[in-house]
1. Determine whether the range 189-210 contains at least one residue that is small (G, A, S) and at positive phi.
2. Examine the range 189-199 for a residue that is without any contact (Cβ under 8 Å) to a residue 12 or more places away in the chain and either crowded, with 18+ Cβ neighbours inside 10 Å or in contact with an Asp or Glu (Cβ under 8 Å, 6 or more places away or on another chain) (or both), and state whether such a residue exists.
3. Would you tally the residues in the range 160-171 being more than 12 Å from E199 (Cβ to Cβ), touching a helix residue (DSSP H, G or I) at 6+ places or on another chain (Cβ under 9 Å) and not aromatic (F, W, Y)?
4. Of the conditions (1) over 30 Å from A77 (Cα atoms); (2) modelled with pLDDT of 90 or more; (3) within 17 Å of the chain's Cα centre (by Cα), L135 fails just one. Which one is it?
5. Which helices (runs of 4 or more DSSP H) sit wholly inside the range 84-188 and have at least 3 residues that are crowded, with 17+ Cβ neighbours inside 10 Å and of a type in the set (G, A, S)?
6. With the structure loaded, tell me whether A208 is out of contact with any helix residue (DSSP H, G or I) (no Cβ under 7 Å at 6 or more places or on another chain) and not in a helix (DSSP H, G or I) or whether it fails that test.
Amino acid sequence: MADEQDILLREIDEELKQENLQQLWKRYGTLIVGGALLLVAGVAGFQGWKINDLNTRIELGERFAVAQSLANTSKHADAKDAFDAIAKDSPAGYQMLARFQLASLAAKQGDLDSAIGAYKNLADDDGIAAVYQDLAVVLGAFAELDAKSEGAGLVARANELASGSTSWRFFAKEVGALAALKNGDTKKARIRYEELSKEAAAPQGLRARAQSMLDVLTE
């Protein structure tokens with residue numbers, strides 16, 4: 001499940017970066033186009049504040065990249081410290097993403113209880129967008145399946161998402177298929193994988209994975 005988490009988190013990271021670029025352009029586009037306005041004494045202080053804010057965001061991006069590099073090179077303790085710091089002193093977007101990375105690190109190190117708890121905290125956090133709460137449910141459900149425990153109820157919550165319109169519904173359906181296998185219900189698992197393999201809107205990798213599982217289960 002760790003590879004699946006890495007893929008999803010990289011997608012979020014890219015989305016967040018793109019969102020930040022769009023926000024930065026909205027905020028600083030006029031300043032870039034009309035740079036001469038910096039000469040106007042009446043707004044000099046305000047413009048200085050905005051430039052400082054931009055520099056802060058660039059610095060945060062660099063800090064996050066360093067932390068991610070540490071995680072990718074299996075320097076888990078250093079990566080945890082770096083993400084901890086980002087989660088404590090950064091704007092909301094980077095705080096959230098750092099929390100996801102901390103949960104993923106815990107899962108990679110085999111501390112599934114901590115990972116599940118971290119994902120549940122994200123799933124229950126109304127301060128972040130619903131799409132990320134739903135993602136936390138799905139990733140936490142994968143961790144629960146690895147832990148052979150559903151103590152936090154995230155597998156059940158993922159099953160609810162599978163029948164909705166959330167962006168992560170296809171991954172939630174995969175949770176349902178895996179849960180069925182875990183419970184020895186191969187018939188239900190085959191049905192779920194067959195549905196996923198035919199979902200035109202599902203990511204290609206997920207459809208291929210579902211077809212592979214279906215091939216194994218029907219041998």
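The values are calculated or read from the model by the stated rules, or taken from the named source; none is laboratory data. All of these numbers come straight from a predicted model, not from anything done at the bench. A quick note on method: Cβ atoms are made from the backbone with ideal geometry, for glycine too, and the neighbour counts reach across all protein chains shown.
1. No, because not a single residue in the range 189-210 is small (G, A, S) and at positive phi.
2. No, the range 189-199 contains no residue that is without any contact (Cβ under 8 Å) to a residue 12 or more places away in the chain and either crowded, with 18+ Cβ neighbours inside 10 Å or in contact with an Asp or Glu (Cβ under 8 Å, 6 or more places away or on another chain) (or both).
3. Here the count works out to 6.
4. (1)
5. Counting at least 3 such residues, we get 92-108, 112-123, 130-147, 169-182.
6. When the stated conditions are applied, A208 does not pass them.
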